[in-house]
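Participant: Starting off with a structure, shown below.
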Amino acid sequence: MVAMADLRTACEKLGLKNPRTILQSGNLVVEGAGAPTEMEARLERAAPKHLGLELEFFVRSPREWDAIIKGNPFPKQAKADPGHTLLLCLKDKVAPAAVKALQARIPGRESVEAWGREAYVVYPDGVGESKLTTALIDRTLGTRCTGRNWNTVLKLAALAKEP
């Protein structure tokens with residue numbers, strides 16, 4: 001666990017502006033120069049020094065947040081049940097063959113679509129009891145991921161647009 005105040009302070013030490021967090025969620029919005037993947041690497045290199053931990057960061061730009069929301073292949077589910085509709089931010093771009101392999105391995109009623117560095121998952125019976133875990137997703141897609149429910153996605157996108 002990282003205290004959000006410590007995370008904001010670490011970002012300020014890196015010269016990132018206006019660091020904002022959402023509760024104790026690990027979600028952070030900052031202003032800084034560079035491509036999202038460059039920002040991820042910069043934050044990951046700095047985390048051991050400033051936070052005493054090795055951490056992974058999944059960075060998206062405000063433009064990417066807009067595209068993520070517009071590109072959601074499950075808009076009806078997101079509106080009706082945003083707590084069971086998840087965005088998975090992926091560390092690397094995913095191959096179409098890996099997505100098909102994941103879809104073939106779905107053990108329940110879940111639905112998955114993915115492209116680029118994003119995957120969308122609907123967990124109609126809830127995430128907690130699902131056998132479609134992040135470990136299975138990571139292994140099958142060949143990259144790491146972190147998930148946020150649709151409510152959080154909308155909050156992060158709105159926060160990223162704030163000055």
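The values are calculated or read from the model by the stated rules, or taken from the named source; none is laboratory data. In this text the structure is predicted, and so the values were computed from the model without any measurement. Methodologically, a virtual Cβ is constructed for each residue, glycine included, from the backbone with ideal geometry; neighbour enumeration extends over all protein chains shown.
Participant: So how many residues does region 94-133 have that are outside any helix (DSSP H, G or I) and aliphatic (A, V, I, L, M)?
Facilitator: So the answer is 10.
Participant: Filter region 50-89 for residues that are of a type in the set (Asp, Glu) and surrounded by fewer than 14 Cβ atoms within 10 Å (Cβ to Cβ); which is nearest to Glu38 (Cα to Cα)?
Facilitator: Here the residue is Glu56.
Listed here are the residues, each with its yes/no results for (1) at pLDDT 95 or above; (2) in a helix (DSSP H, G or I); (3) under 20 Å from Gly147 (Cβ atoms).
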| position | (1), (2), (3) |
| --- | --- |
| Glu38 | no, yes, no |
| Arg42 | no, yes, no |
| His50 | no, yes, no |
| Ile68 | yes, yes, yes |
| Leu86 | yes, no, yes |
| Cys89 | yes, no, yes |
| Asp92 | yes, no, yes |
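Participant: Restrict the check to region 134-146 and report whether at least one residue is part of a strand (DSSP E or B), surrounded by 14 or more Cβ atoms within 10 Å (Cβ to Cβ) and not assigned by TED's automatic domain parsing to the domain that holds Lys17.
Facilitator: yes
Participant: Also, quick follow-up: Identify the residue in region 2-38 that is in contact (Cβ under 8 Å) with a residue 60 or more places away in the chain and aliphatic (A, V, I, L, M) and, among all such residues, is surrounded by the most Cβ atoms within 10 Å (Cβ to Cβ).
Facilitator: Val29
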